[in-house]
Amino acid sequence: MSDMSRRRLMFGGAALGAGALLAACTSNDTKDSAPQTNTKENAASEAPGKAVTIGFSAPAADHGWIGAITNNAKAQAAKFSDVTLKVVDAGKDAPAQIAALETLIASKPDAIVLLPQDGAQLTAVGKKAMDAGIIVINLDREFSDSAASFSLIKGDNYGMGVAAGHYVGEKLKGKTDAVIGEIPGIDELQLTKDRSKGFADTLKTYGLSVKHRVAAGFTVQTGQSAAANLLQAAPKLDALWNHDDDQGVGVLAAIQQAGRKEFFMVGGAGSRDAMDHIKSGDTVLTATVTYPPSMASSAIILARLAAQGKGMGDLVELQVPKLIVLQSETITKDNVDKYLPLGFKS
């Protein structure tokens, strides 16, 4: 392999890996958050190609991570002179998103980047688009049938649980009677089940388990109420994993209200607020594990390449990969300075 080829291959890995470092924000207001896009030289955007229309649909920004997803997709599409982005309102639930996508499919875009309200419920519409010759890039919430998409790009939900589990396990090593709490997001979603399984499986290797678990809903309000209920049920805690830094704003508020500080907490997603707390040490939050909304920027890149009949220049294969899973990184006080520039302002 030539030196130039090696450099291009190394860049490809770095570009995909960098997405794993991205953080989410914790409010509906994302105007102060810089979208995360691919700005590297020799990237997929290096040469204009065939003009393509890409449809995009994601749930409304009822919390910061979703807001970052949409902002990133729009910003990445704007970097391409050969891409027209057609954003479709996802509505309030899966049936509303399906109806909107039916109209989008009828307009015959070249590709659709879709973050479903619910992966299982949106599978049929994904298949309908694919059957119509429209490339579908499934974003984050996975369809129940892989035939419903050309490619899937997502964070590593099980890996988030693993990362959180190792952090908690190492901190509590040897303390088999430790009381551990967990505040997941929406329990009905597969991603929540995967996160919880990764956490439970990893804790088990340390002889530990979750003693108190109360689900929230990825919002500040639900995080606060879930945490208040959990703290009332658990007069003593050693550790707490909160799956999502958006709801974590409410979780921390409830902890402060209760005057509790006998335990440490791990967050999830990697918001700028979470990183600031980790750096300053002003709360029980001592770490967070990332779940990158930069995947939306990468999804637009994949959709453009596939619609233009291209593969990824740093790979041998002629098509973009069927599956890309982004790493979950652990942010602590020791490395938080490296991640701060990638965080979204709450």
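The values are calculated or read from the model by the stated rules, or taken from the named source; none is laboratory data. Since we're looking at a predicted model, the values are computed, not measured. Don't worry about glycine lacking a Cβ; one is built from the backbone with ideal geometry, like all the others, and counts go over all protein chains shown. To get the accessible areas, we keep the full protein, side chains included, count just its heavy atoms, and leave off ligands, DNA and RNA. Shrake-Rupley method; radii C 1.70, N 1.55, O 1.52, S 1.80 Å.
When you go through 206, 158 one by one, which is the residue that is hydroxyl-bearing (Ser, Thr, Tyr) and more than 30 Å from residue 123 (Cβ to Cβ)?
206
Going by the structure shown, is residue 333 surrounded by fewer than 17 Cβ atoms within 10 Å (Cβ to Cβ), charged (D, E, K, R), touching a residue at least 24 places away in the same chain (Cβ under 8 Å) and under 24 Å from residue 74 (Cβ atoms)?
no
I need the full set of residues from region 132-159 which are of a type in the set (D, E, K, R), buried (at least 23 other Cβ atoms within 10 Å of the Cβ) and more than 14 Å from the chain's Cα centre (by Cα), in order please.
none
Quick check: anything in region 231-242 in a loop (DSSP other than H, G, I, E, B) and on the phi > 0 side of the Ramachandran plot?
Taking every residue of region 231-242 in turn, none turns out to be in a loop (DSSP other than H, G, I, E, B) and on the phi > 0 side of the Ramachandran plot.
Is one or more of the residues making up region 178-187 farther than 30 Å from residue 83 by Cβ, open to solvent by 10 Å² or more (accessible area, probe 1.4 Å) and touching a strand residue (DSSP E or B) at 6+ places or on another chain (Cβ under 6 Å)?
Checked against the condition, which is being farther than 30 Å from residue 83 by Cβ, open to solvent by 10 Å² or more (accessible area, probe 1.4 Å) and touching a strand residue (DSSP E or B) at 6+ places or on another chain (Cβ under 6 Å), region 178-187 yields at least one hit.
Please go through (1) within 30 Å of residue 322 (Cα to Cα); (2) of a type outside the set (Phe, Trp, Tyr); (3) in contact with a strand residue (DSSP E or B) (Cβ under 7 Å, 6 or more places away or on another chain) for residue 161 and return the number of the only condition it doesn't satisfy.
Evaluating residue 161 over (1) within 30 Å of residue 322 (Cα to Cα); (2) of a type outside the set (Phe, Trp, Tyr); (3) in contact with a strand residue (DSSP E or B) (Cβ under 7 Å, 6 or more places away or on another chain) leaves (3) as the failure.
Say we look at region 188-213 and pick out the residues that are open to solvent by 40 Å² or more (accessible area, probe 1.4 Å) and β-branched (Val, Ile, Thr); which of these is farthest from residue 247 (Cα to Cα)?
The residue in question is 205.
One residue is enough: does region 272-279 have a residue meeting the conditions touching a residue at least 60 places away in the same chain (Cβ under 8 Å) and out of contact with any Gly (no Cβ under 9 Å at 6 or more places or on another chain)?
Yes, that holds for at least one residue.
Taking interchain pairs and intrachain pairs at least six residues apart, which have beta carbon atoms under 8 angstrom, with the first residue in region 152-170 and in contact (Cβ under 8 Å) with a residue 24 or more places away in the chain and hydroxyl-bearing (Ser, Thr, Tyr) and the second part of a strand (DSSP E or B) and surrounded by fewer than 21 Cβ atoms within 10 Å (Cβ to Cβ)?
Sorted first by the residue in region 152-170, then by its partner, the pairs are 167/330; 167/332.
Looking at (1) over 30 Å from residue 257 (Cα atoms); (2) part of a loop (DSSP other than H, G, I, E, B), which one does residue 283 not meet, given that it meets all the others?
(1) is the only condition that residue 283 fails.
For residues that are polar (S, T, N, Q) and modelled with pLDDT of 95 or more, scanning just region 270-289, find the one that is surrounded by the most Cβ atoms within 10 Å (Cβ to Cβ).
In this case the residue turns out to be 288.
Just to be sure before I move on: is residue 265 under 17 Å from the mean Cα position of the chain (by Cα) and crowded, with 24+ Cβ neighbours inside 10 Å in the structure I sent?
It is false that residue 265 is under 17 Å from the mean Cα position of the chain (by Cα) and crowded, with 24+ Cβ neighbours inside 10 Å.
Looking only at region 258-274, count every residue that is touching a strand residue (DSSP E or B) at 6+ places or on another chain (Cβ under 6 Å) and in a helix (DSSP H, G or I) and tell me the total.
1
Residue pairs, Cβ under 7 Å, 6 or more apart or interchain, first in region 100-116 and closer than 13 Å to residue 85 by Cβ, second open to solvent by less than 20 Å² (accessible area, probe 1.4 Å) and aromatic (Phe, Trp, Tyr). List them.
Listed pairs, sorted by first residue: 113/56.
Go over the candidates 61, 129 one by one and state the one that is open to solvent by less than 60 Å² (accessible area, probe 1.4 Å) and modelled with pLDDT of 95 or more.
129
Given the conditions (1) under 24 Å from residue 306 (Cβ atoms); (2) modelled with pLDDT of 95 or more; (3) open to solvent by less than 10 Å² (accessible area, probe 1.4 Å); (4) among the β-branched types (Val, Ile, Thr), and given that residue 69 satisfies all but one, which numbered condition is not satisfied?
(2)
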